[in-house]
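Enquirer: Sending over a structure as structure tokens; questions will come in a sec.
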Amino acid sequence: MANTNTSTTTMARSFLQVAATEEVASPLRVVQIEGLVILKIIKHCKEFSPALVTGQLLGLDVGSVLELTNCFPFPIREEDEENEGEGASYQLDMMKCLREVNVDNNTVGWYQSTLLGSFQTVELIETFMNYQENIRRCVCIIYDPSRSNQGVLALKALKLSDSFMELYRSNNFTGEKLREKNLSWVDIFEEIPIKVSNSALISAFMTELEADTPVTQCDYDRLQLSSNPFLERNMEFLIECMDDLSMEQQKFQFYYRSLSRQQSQQQAWLQKRRAENAARKAAGEEPLPEEDPANPIFKPVPEPSRLDSFLITNQMANYCNQINGVAGQNFSRLHLMKALHEN
Amino acid sequence: MAASEHTVLQFGTSSSTLTAKIHPLVIFNICDCYVRRPDQAERVIGTLLGSILPDGTVDIRNSYAVPHSESADQVALDIEYHHNMLVSHQKVNPKEVIVGWYSTGLGVTGGSALIHEFYSREVPNPIHLTVDTGFNNGEGTIKAYVSSNLSLGDRQLAAQFQEVPLDLRMVEAERVGFDILKTTMVDKLQNDLEGMEASMERLLALIDDVYKYVDNVVEGHVAPDNSIGRFISETVSSLPKLSPPAFDKLVNDSLQDNLLLLYLSSITRTQLSLAEKLNTAAQIL
């Protein structure tokens, strides 16, 4: 009897807990983008390529789906102090104007263009944290114009993982903390699946304007045989990243070396002090304390942050994935060409 | 000249050479604005932005809606809004200037002349684009007009709207793929290999079609068409003539290059994950 009683109370509590946690936040599952937003992003990013541009995403947050229904571009920032205020006023003006024509004026994140996927930087994380302060749920859409020339819609929706954000707020990237949280470089960014939606009106127009063509520009781009420049650039970036990573590693080695040196120094000092104390005891004097904060060898060596190396590692993994993808495409293309030639 | 002495009915200079090119984004934008129009409004109007290409084609690249109110005989346009929006847009892209205006609905209506006059003060010879969002005659008609003045002496009689050819080809949208823009919902974006597969399937289908056609012609089922034949022979001859060993070498070299890259990137990835594991292990010790 008592047994069943306790079990029911735990059940009740667990239901309550479940209800409470569900109310707090249902996880973001899907980002649903309107075709209009995709075209706007592409237009903006392409026109200014290879310069990198950003813009604001507007939309609605519906349960586990984040709908992106509109966006507007930011002007390219100049290195000016006064520009900060101007950019903010531009943003406000634009949102006011868009609200007047009934566009959802609810900021849900931002988009930015990238060059070969080299977007994983500290700046991105900082922007994320800024946005996150104001909006509970925000995403970053990354568009890569260089990859789009190969017939891929290189669109990605990213967000920072919660555990990473917590860690970033406390600004503590020591090895110990990371191990505690069990956070590795894979867990910094979370990619969210993208859905594309169009209004029925647009779908009607598109069907009207473009009859089903057997081949599209997209197919031409995909069947293009020369992807070597792309691969070469990717490799170059990868090599640069490796250099950076080895620099980071040297930093760590230096840190560990100085740490172990300090520890041995501390041990030597302690032994000396103990011997001294034993001598003093024998002589009937008060023993000296076994710690001396004033001594420079007790000052802790600052541990370098692991954030940079994490980001670089992420970047490298990204390049590797891209190379794999393109190489895979190349294989299919080459085999296709071979088959065609034999025919 | 005689024209200045007598009052003669004058037609404005017709710009028959003018053509317009429209980017799909503009149509998307107009449709979106139409869907989001206020309850009482029957149509939406707005400004078209773009540039004039060296060959005289008007390149319509962007647009924004302008709130307006319309009654039987008058139109009020929110001019302040129009200017604010223009300034904002030009901050981002100074190269895009006003090229005209758009309105939803079929053809030119009475109020259009007034709005057109307003835009003529902003830019010489603006384009008027109409997008039939109501599908009045069963199809989504998109038309572009320029206006020319019909004047008697110095007196303005009427404005005549003249249709100009409109280029609706959508290279930009093709790059994205119509598949995702045409349907109302796409669940997942294609990745590299899936896209490749789709393209190859389409290519295969095309080759099959050509085969069938050639077979049918050879067997006499279909009347031969010289121009199609020429296209086919052109396509076949566009394959570079290479001796089989040279071709094999070429293919194998590229294959090996790619394999090498694949190998390198895989080894890097393995190295990274190994380093990750070792790192945590070392820290635990």
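The values are calculated or read from the model by the stated rules, or taken from the named source; none is laboratory data. Note that this is a predicted model, so its numbers are computed, not measured. Virtual Cβ from ideal backbone geometry, glycine too; neighbours counted across all protein chains shown. Just so you know, the surface numbers come from the protein's heavy atoms only, side chains and all, with ligands and any DNA or RNA stripped out. Shrake-Rupley method; radii C 1.70, N 1.55, O 1.52, S 1.80 Å.
Enquirer: Take region B:76-88 and flag every residue that is touching a strand residue (DSSP E or B) at 6+ places or on another chain (Cβ under 7 Å) and either at the interface with chain A (Cβ under 9 Å from one of its Cβ atoms) or surrounded by fewer than 17 Cβ atoms within 10 Å (Cβ to Cβ) (or both).
Expert: B:ALA76, B:ASP78, B:TYR81, B:MET85
Enquirer: Somewhere in region B:210-232, is a residue facing another protein chain (nearest Cβ under 9 Å) and surrounded by 15 or more Cβ atoms within 10 Å (Cβ to Cβ)?
Expert: No - not one qualifying residue is present in region B:210-232.
Enquirer: While we're here: Just a yes or no: is a residue in region A:13-36 at pLDDT 80 or above, assigned to a helix (DSSP H, G or I), within 12 Å of another protein chain (Cβ to nearest Cβ) and within 21 Å of A:PHE119 (Cα to Cα)?
Expert: No, region A:13-36 contains no residue that is at pLDDT 80 or above, assigned to a helix (DSSP H, G or I), within 12 Å of another protein chain (Cβ to nearest Cβ) and within 21 Å of A:PHE119 (Cα to Cα).
Enquirer: Only residues that are without any contact (Cβ under 8 Å) to a residue 12 or more places away in the chain and among the aromatic types (Phe, Trp, Tyr): list them for region B:183-235, please.
Expert: B:TYR211, B:PHE231
Enquirer: Further question: Identify all residues within region B:31-52 that are without any contact (Cβ under 8 Å) to a residue 12 or more places away in the chain and among the hydrophobic types (A, V, I, L, M, F, W, C); write none if there are none.
Expert: B:VAL35
Enquirer: Taking region A:73-97 as the search range and keeping residues that are at pLDDT 80 or above and of a type outside the set (A, V, I, L, M, F, W, C), which one is most open to solvent (accessible area, probe 1.4 Å)?
Expert: A:LYS96
Each row is one residue, and each column tells you yes or no for (1) of a type in the set (Phe, Trp, Tyr); (2) open to solvent by less than 20 Å² (accessible area, probe 1.4 Å).
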{"site": "B:VAL26", "(1), (2)": "no, yes"}
{"site": "B:ASP32", "(1), (2)": "no, yes"}
{"site": "B:ARG36", "(1), (2)": "no, no"}
{"site": "B:ASP39", "(1), (2)": "no, no"}
{"site": "B:ASP55", "(1), (2)": "no, no"}
{"site": "B:ASP59", "(1), (2)": "no, yes"}
{"site": "B:TYR64", "(1), (2)": "yes, yes"}
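Enquirer: Turning to a different aspect of this structure: All but one of (1) at pLDDT 85 or above; (2) surrounded by 13 or more Cβ atoms within 10 Å (Cβ to Cβ); (3) of a type in the set (Phe, Trp, Tyr) hold for B:PHE247, so report the exception by its number.
Expert: For B:PHE247, the failing item is (1).
Enquirer: Then there is this: Cβ-Cβ under 8 Å, sequence separation 6+ or interchain: first residue in region B:61-85 and within 13 Å of B:LEU114 (Cα to Cα), partner among the hydroxyl-bearing types (Ser, Thr, Tyr). Which pairs?
Expert: Short answer, once both residue conditions are applied: B:VAL75/B:SER69; B:ALA76/B:SER69.
Enquirer: Evaluate region B:103-114: report whether one residue or more is surrounded by 17 or more Cβ atoms within 10 Å (Cβ to Cβ), within 18 Å of the chain's Cα centre (by Cα) and not acidic (Asp, Glu).
Expert: So far as region B:103-114 goes, yes, one or more of its residues are surrounded by 17 or more Cβ atoms within 10 Å (Cβ to Cβ), within 18 Å of the chain's Cα centre (by Cα) and not acidic (Asp, Glu).
Enquirer: Which residue pairs have Cβ atoms under 9 Å apart, sit 6 or more places apart or on different chains, and have a first residue in region A:263-291 that is at pLDDT 85 or above and surrounded by 13 or more Cβ atoms within 10 Å (Cβ to Cβ) and a second that is assigned to a helix (DSSP H, G or I) and not hydroxyl-bearing (Ser, Thr, Tyr)?
Expert: Sorted first by the residue in region A:263-291, then by its partner, the pairs are A:GLN265/A:ILE297; A:GLN266/A:ILE297; A:GLN266/A:PHE298; A:TRP269/A:ILE297; A:TRP269/A:PHE298.
Enquirer: Filtering region A:128-158 down to residues that are of a type in the set (Gly, Ala, Ser) and in a helix (DSSP H, G or I), which residue is most open to solvent (accessible area, probe 1.4 Å)?
Expert: Residue satisfying both the conditions and the ranking: A:SER146.
Enquirer: Next question. Taking strands (runs of 3 or more DSSP E) that do not extend beyond region B:63-131, which have at least 2 residues that are touching a Gly at 6+ places or on another chain (Cβ under 8 Å), modelled with pLDDT of 85 or more and not β-branched (Val, Ile, Thr)?
Expert: The strands (runs of 3 or more DSSP E) meeting that bar are B:97-104, B:127-131.
Enquirer: Between a residue in region A:98-110 that is open to solvent by 10 Å² or more (accessible area, probe 1.4 Å) and any residue that is part of a loop (DSSP other than H, G, I, E, B) and among the hydrophobic types (A, V, I, L, M, F, W, C), which pairs come within a Cβ distance under 7 Å, given they are 6 or more apart or on different chains?
Expert: Every condition considered, the pairs that remain are A:THR107/A:ILE135.
Enquirer: Against the condition out of contact with any Phe, Trp or Tyr (no Cβ under 7 Å at 6 or more places or on another chain), of a type outside the set (S, T, N, Q), within 14 Å of another protein chain (Cβ to nearest Cβ) and touching a residue at least 40 places away in the same chain (Cβ under 8 Å), how does A:GLU248 come out, does it pass?
Expert: yes
Enquirer: Filter region B:89-102 down to residues that are open to solvent by 50 Å² or more (accessible area, probe 1.4 Å) and within 14 Å of another protein chain (Cβ to nearest Cβ) and give me whichever is farthest from the chain's Cα centre (by Cα).
Expert: B:LYS91
Enquirer: Let me ask you something else. Can you tell me which residues in region A:326-340 are within 7 Å of chain B (Cβ to nearest Cβ) and closer than 11 Å to B:SER254 by Cα?
Expert: Within region A:326-340, A:ALA327, A:ASN330, A:PHE331, A:LEU334 qualify.
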